Amino acid sequence: MSSSDTHLDWQPALGADGIVGGLDDIDQCVQIILGGGYGSVPHHPDFPVNLEQYIDWPQGQAVAFIVRDARAAILKYEPRIADVKFTVKHLAGAIELTTEWLPKAGGGWQTSLVRVTKSA
């Protein structure tokens, strides 16, 4: 039985064979929303969130904007998440977000690590 037979929500796995469902599907959606490349979806120019713009900002100024924009995007585009919190780490030419999210379906907090880099 495949995941599509056991999960209402599923999608093809990115960077791997097969599909993802359940919490793995939500995790993959978080990865796409936060690190998918702003404006990469035709006819949906504000998706996913534009965190690249904060990479070169001073850390003290950027963190509040990153958390604000990331939180708003997750809660807007992923209805299966009840709450979300972030830890932001600035790296050379990148932002790393440790994203903790609580599924509406129950269970405990889940963690996704997302790295945002400037696109070429």
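Nothing in this text is a laboratory measurement; each read-out follows from the coordinates by a stated rule. These numbers were taken from a predicted model, which means no experiment stands behind them. Heads up, the Cβs are rebuilt from the backbone with ideal geometry, glycines too, and the neighbour counts pull from every protein chain shown.
Overview of values
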{"quantity": "Around residue 13: net Lys/Arg minus Asp/Glu count, Cβ-Cβ under 13 Å", "calculated": "-4"}
{"quantity": "Nearest-20 debye value, the chain charge dipole, Cβ charges on Lys, Arg, Asp, Glu", "calculated": "380 debye"}
{"quantity": "C-alpha long axis of helix 59-77 to longest principal axis of the chain, angle in °", "calculated": "30 degrees"}
{"quantity": "The stretch 3-117, relative contact order in percent, only Cα pairs under 8 angstrom and at least six apart counted", "calculated": "18 percent"}
{"quantity": "Helix axis angle, 23-35 relative to the chain longest principal axis, alpha carbon, degrees", "calculated": "30 degrees"}
{"quantity": "Unit Cα scatterers, Debye sum, the chain: log10 I(q)/I(0) for q = 0.14, 0.15, 0.18, 0.20 Å⁻¹", "calculated": "-0.60, -0.69, -0.96, -1.14"}
